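Worksheet for the structure shown next.
All of the numbers you see were taken from the coordinates with simple rules; none came from a lab. If you're wondering where the values come from, they're calculated on a predicted model, not measured in any experiment. FYI the Cβ positions are ideal-geometry reconstructions off the backbone, even for glycines, and counts take in every protein chain you see.
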Amino acid sequence: MPKPEQVLWYYLRKKQLNGIKFRRQVSVGKYIVDFYSFEKKLIIEIDGDSHFRNEEAIKYDQKRTQYLEGLGLTIIRFYNHEIMDNREACVSHILAFLEKE
């Protein structure tokens, strides 16, 4: 698991955020997502530089997002540097979503 995923997993594991269970590396249809809460239908993705390097990668991510949202799932995305530089804000963002649902 890449370092940003390890950092976020520390907060998501063991139902630490509002008692919500998250799993990591979950298969959803033909895609694998970084973190997923079945209960909240919430996907959390952490994107590195490879997601933005070329047009093909960008189109793939758009298609993937459309598919997952078409299943009624919500996706929260963070960049690697956001997790590493400001993990508290990222966790607060996730908590805000969980509290409004």
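³J(HN,Hα) across the stretch 67-84 via Karplus (A = 6.51, B = -1.76, C = 1.60, θ = phi - 60°), whole Hz, x for Gly/Pro?
Result, ordered by residue: 4, 5, 5, x, 8, x, 9, 9, 10, 10, 10, 10, 8, 3, 5, 5, 5, 6 Hz.
Calculated from DSSP H runs of 4 or more alone, at -39500 (n - 2.57) each and per residue, what is the 222 nm mean residue ellipticity of the chain, nearest 500? Could you put the intermediate results ahead of the total?
Values: 4 runs with 46 residues, N = 101.
Rounded to the nearest 500, the figure is -14000 deg cm²/dmol.
Can you order the peptides 90-96, 9-15 by their average number of other Cβ atoms within 10 Å per residue, highest first?
So the order, starting with the most tightly packed, is 90-96, 9-15.
So if I take the alpha carbon set of the chain, get Rg, then get Rh from the Kirkwood formula, what is the Rg over Rh ratio?
Ratio value, two decimals: 0.95.
Would you look at the GNM of the chain, springs on alpha carbons closer than 10 Å, and say which of 55, 69, 88 moves the most?
It is 55.
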